1. Of all residues in segment 32-46, which are touching a residue at least 24 places away in the same chain (Cβ under 8 Å) and over 16 Å from Gln173 (Cβ atoms)?
2. What's the number of the only condition in (1) over 24 Å from Ile29 (Cα atoms); (2) touching a residue at least 12 places away in the same chain (Cβ under 8 Å); (3) not aromatic (Phe, Trp, Tyr) that Lys84 fails to meet?
3. Looking at segment 66-175, what helices (runs of 4 or more DSSP H) fall wholly within it and have at least 1 residues that are over 18 Å from Lys56 (Cα atoms) and of a type in the set (S, T, N, Q)?
Amino acid sequence: MIRLLTCLALLSSLAAAAPAETPPGFESIDPVAYSEMFVDAVHEHQAGHLADSFRKFLRLACGGDKASQEQIGLMYLSGEGVYKNSAMAYLWLKVAAEFNFGPYHAIVKKFDKLLTPQQTKHFGELADELIAEYGLRATNMACRAESSATFSSNIKDAVVCSPARNGPLLLVQRCYADEVRIGKAAQ
């Protein structure tokens, strides 16, 4: 009888730890593999493999990672690993700036000063579409400002984002084909 109860308790705990069904548009990723994705993207960039770096950062940006969204914007701005496209740079930087972080807002403000009222309206609508697809609410991403220094500091100079969990795995949103539509509209 004790063995039966022990087996039932073990099965019950295993069922509770099992991941739920992955929602449409998301994939379940091991937390270690997820953290390695960002490191791989940075290493590719540092090694000069800019197209590979862009592709890896874009995967993370679509998942809602704000630092990756900023990096995608900067890569579009300078034409690193992708065709130079100031409009797409602005849009991705606006998505990153959805999180209230000073450096993200500062670069968006520089763009804003260069836009006409008509451009501001047009790109604002496109940015809203991109935020609806890859923003915090759509991706179930949680972000916080942190100090990147190894010692305790009050200066928050980095943004760290964490995807929602699906049991022991992380739920990371996939990229959508609609980005091509937004990219064409931004040109």
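1. Ala41, His45
2. (2) is the only condition that Lys84 fails.
3. Qualifying helices (runs of 4 or more DSSP H): 86-96, 117-134.
Read-outs throughout are calculated quantities, based only on the coordinates presented, and are distinct from any laboratory measurement. Everything quoted here is computed from the prediction, not taken from an experiment. Cβ coordinates were reconstructed from backbone atoms using ideal geometry, including for glycine residues, and neighbour counts include every protein chain displayed.
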